[in-house]
Amino acid sequence: MSDQPQYPPQYPYGQLPQYPSMSGDYQVPQPVFQLAPDGRPLSNAGARLGARVIDGLIQFVLLIAGGFVVGMAVKLISYLTGDQSPVLVVVAVVGITAVVVVSQYAYEVEVPLRWNGQTPGKRMLKIAIAPLEPGARLSRGQLAGRWGLVLLFNLLANCYIGLIDPLWCLWDKPYRQCLHDKPAKTVVVRLAA
C-alpha cells in the first residue's frame, strides 16, 4: 500500500471526515462523494431531473413531428380513397400510438446503447447510465427494462403512485437509484468534465 490518499477519499457511509479548526471547537464537514461500484461519482437528483427535462422537450418535438407525418398520411389515404369512414380514425390512432412507442423506445434504449449510456439530455449534463456491476457492458435488455418500468410508472403517475419512481433516488442508499434502476441493475454516474 502506498501512503498516497485515495481520490476521492472514501469514508464509511454516513460519516463525514472531521478536520481541526482554528478555535478547536468547530469542525467543518467536507462533502462526501457517493461512488458507484466502479468508482465513478454518482449523479445527483438535480442533474437527473435536468436531463429528463431536456430529453422530454426533445421527445415532445419529435412526437409533434411524428404526429404531423401520421396526420398527413391519413389525409392522403382519405384523399386517395375518397373514403371518410371511421376506419381512418382507427388508422390515425394506431399510427400515432406506433410513432409514440417506437420513438420513445429508440430514444430511451437505442440511443443510450450507442452513446455509452447517454441520451442527448444526459450528454449535455455530463451524466450517463452505467451497469451496477463493475466492468460489465450496458445491455439492450437493461435499457429496455428501465424504459418499460418508466412507462409503467408514467401510467401510474395519474394516481400519484408513479411519482415514487423518480423521487426514490432522493433517499435511496447507497447508489441513489430510482425504482426503474433497481431491476435493471443500473446507476447514473457523473462523467469527467
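The values are calculated or read from the model by the stated rules, or taken from the named source; none is laboratory data. From a predicted model like this one, the values you see are computed outputs, not experimental measurements. Positions of Cβ are backbone-derived with ideal geometry, glycine not excepted, and every protein chain shown enters the neighbour counts. Side chains are part of the model used for accessible areas, which takes the heavy atoms of the whole protein and leaves out ligands, DNA and RNA. Shrake-Rupley method; radii C 1.70, N 1.55, O 1.52, S 1.80 Å.
Can you name every one of the helices (runs of 4 or more DSSP H) wholly within the range 78-193 that holds 3 or more residues which are in contact with a Pro (Cβ under 9 Å, 6 or more places away or on another chain) and either at pLDDT 90 or above or open to solvent by 70 Å² or more (accessible area, probe 1.4 Å) (or both)?
Working: elements: 87-105, 111-114, 120-124, 140-156, 164-167, 181-184.
By residue number, 140-156.
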| query | From the residues in the range 130-167 that are in contact with a helix residue (DSSP H, G or I) (Cβ under 8 Å, 6 or more places away or on another chain) and basic (Lys, Arg), which one is farthest from Cys178 (Cα to Cα)? | reply | Arg140
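Residues checked against (1) among the hydrophobic types (A, V, I, L, M, F, W, C); (2) within 27 Å of Leu149 (Cα to Cα):
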residue	(1), (2)
Tyr79	no, no
Gln84	no, no
Val91	yes, no
Val100	yes, yes
Tyr107	no, yes
Glu110	no, yes
Lys122	no, yes
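Tell me yes or no: at least one residue of the range 57-72 is among the aromatic types (Phe, Trp, Tyr) and over 18 Å from the mean Cα position of the chain (by Cα). Can you show your working first?
As a first pass, look at the range 57-72 and keep what is among the aromatic types (Phe, Trp, Tyr): 60, 68.
Still in the running and over 18 Å from the mean Cα position of the chain (by Cα): 68.
Yes; the residues of the range 57-72 include at least one that is among the aromatic types (Phe, Trp, Tyr) and over 18 Å from the mean Cα position of the chain (by Cα).
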| field | One residue from Gly67, Gly71, Gly95, Gly50 being without any contact (Cβ under 8 Å) to a residue 40 or more places away in the chain and closer than 28 Å to Lys122 by Cα | value | Gly67
